[in-house]
Amino acid sequence: MTEENEANEANEANEAASEAVEFLIGIRLRQGQSAEDYKLGDLTLHVGDLVVVETANGTAVGEVRRPRRALPDFKRDRLYRRVVRLATEREASEHHERRERELEAVTTCQRMARERGLSLKVIDVEMTAGGRRLTVYFNAEDRVDFRDLVRELAREFRGRVEMRQIGARDATKVLDGIGPCGRQLCCSSHLRKFEPVSVKMAKAQDMPLTDNRLLGNCGRLKCCLLYEFSTYQELRSYLPRVNTPCSASCGGGGCMTGKVRSLRVLKQTVVVGFPDGTEAEVPLSELTWEGRDHIKPEGKPAS
């Protein structure tokens, strides 16, 4: 009898532990926006399902974009809005119909802006459920006077119109696309926010600044330059600077002096120019220069 009681207590403890596990799921409220985490109850959801979630203004219909995952311990003190339930067929139909009206409104807004000679590009239109308020997202290189356009749009859609300008990167994120790598753009697929990307990152990777391949679909420096920057910085720290006097091992105990002409960062080699006009690519382990005492022969910092 005692063993049965112990077994029952163990089962109850396991059930309580499993019930205490909370889950997060990624929901996107609008196309072009990033998916945000919501707390998931006892619902079984799959990517692509439409659900009703809590928002600051009540509830809204969103689409599941990331499958559920256990809530990490370090995030347990954060507040998350919750998934209320699956969307009904009527709610799903209204969600899709409103999106179709928004896409039609994008075409209408762009046409009316073009008729008035305004140099702007309409990126997206957000429409409330009743269609009484529209937010028009646009991109423009210069300042645009759109007051007449707003009045015309208000008459066309019979509602209040707000124009909101967004940058080139935000515009590309909404429009989405395929990068030169053949995959979906990082800004549309997984980036939560835009980190600053500078020319310094391109220089660290020995990329010519006149190369158009440095630019992304948005016309700005590619976000992926940031991914490798820390690695290049670390590898460069093991190498001498260009024009540094150095000595290269020639084998048999001999050495030739010269100057660093260029670096091969990923290969961890250095192109050395010698006084006789010749050049040679020398591995880091066979090179010495003033100030190298803090670096190991294999190119790693000394402990």
Gyration tensor over alpha-carbon atoms, the stretch 140-200, equivalent ellipsoid semi-axes in Å: 32, 15, 10
For the stretch 56-77, list residues with backbone N below 16 Å from a point placed 7 Å from the Cα of Asp42 toward its Cβ? none
Once both label points are put 7 Å beyond Cα along the C-beta direction, the Arg160-Gln184 separation in nm becomes 3.4 nm
Volume per residue of the C-alpha convex hull in the chain, rounded to whole Å³: 253 Å³
So what is the relative contact order of the chain, in percent, for Cα pairs below 8 Å that sit 6 or more residues apart? 9 percent
Which of Val174, Val272, Val161 moves the most in a Gaussian network model of the chain with Cα springs under 10 Å? Val272
Could you derive backbone 3J(HN,Hα) for the stretch 168-173 from the dihedral phi with the Karplus parameters 6.51, -1.76 and 1.60 (θ = phi - 60°), listing whole Hz in sequence and x where the residue is Gly or Pro? 5, 5, 5, 5, 5, 4
Inter-probe distance in nm under a simple model that places probes 7 Å from Cα toward Cβ, at Val150 and Asp211: 4.5 nm
How would Ser230, Ser188 rank on accessible area, largest to smallest, probe 1.4 Å? Ser230, Ser188
Which FRET efficiency value, to the nearest 0.05, is calculated for Arg69 and Glu104 with the Förster distance at 35 angstrom and r the Cβ-Cβ distance? 0.45
If you add up the charges near Leu71, with Lys and Arg at +1 and Asp and Glu at -1, over every other residue whose beta carbon is less than 10 angstrom from its beta carbon, what do you get? +3
Mind computing the radius of gyration and Dmax over the alpha-carbon atoms of the stretch 192-264? Å is fine for both. 17.1, 56
For Ile178, tell me the accessible area in Å² from a 1.4 Å probe, rounded to the nearest 10. 110 Å²
Sorted by accessible area (1.4 Å probe), largest first, how do Arg264, Arg143 line up? Arg143, Arg264
Environment charge of Lys193, counting only residues whose C-beta is closer than 11 Å and scoring Lys/Arg +1, Asp/Glu -1: +1
Sort Val53, Val197 by accessible area with a 1.4 Å probe, largest first. Val197, Val53
If you line up the long axis of helix 89-115 against the longest principal axis of the chain, both from Cα atoms, how many degrees apart are they, to the nearest 10? 70 degrees
In a Gaussian network model over the chain where Cα atoms closer than 10 Å are linked, find which of Cys181, Cys109, Cys218 has the largest mean-square fluctuation. Cys181
Provide the net charge surrounding Asn243, with neighbours chosen by a C-beta distance below 13 Å and charges set as Lys +1, Arg +1, Asp -1, Glu -1. +2
Gaussian network model of the chain, Cα within-10 Å springs - most flexible of Asp170, Asp77, Asp49: Asp77
Projected area averaged over orientations for the stretch 105-163, convex hull of C-alpha atoms, nm²: 3.5 nm²
Theoretical ellipticity at 222 nm over the chain - DSSP helices of four or more residues, -39500 (n - 2.57) apiece, nearest 500: -9000 deg cm²/dmol
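Among the listed pairs Lys39/Lys75; Lys200/Lys222; Lys200/Lys267; Lys173/Lys193; Lys173/Lys222, give every one whose C-alpha distance is greater than 18 Å.
Violating the 18 Å limit, Cα to Cα: Lys200/Lys267.
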To the nearest 10 square angstrom, how much accessible area does Tyr137 have with a 1.4 angstrom probe? 40 Å²
To the nearest 10 Å², what's Thr128's accessible area with a 1.4 Å probe? 60 Å²
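The values are calculated or read from the model by the stated rules, or taken from the named source; none is laboratory data. Here the structure is a predicted model, which means the values were calculated and not measured. All Cβ positions, even for glycine, are placed from backbone atoms using ideal geometry, and neighbour counts span all protein chains on display. Ligands, DNA and RNA are excluded from the accessible area calculation, which covers all protein heavy atoms including side chains. Shrake-Rupley method; radii C 1.70, N 1.55, O 1.52, S 1.80 Å.
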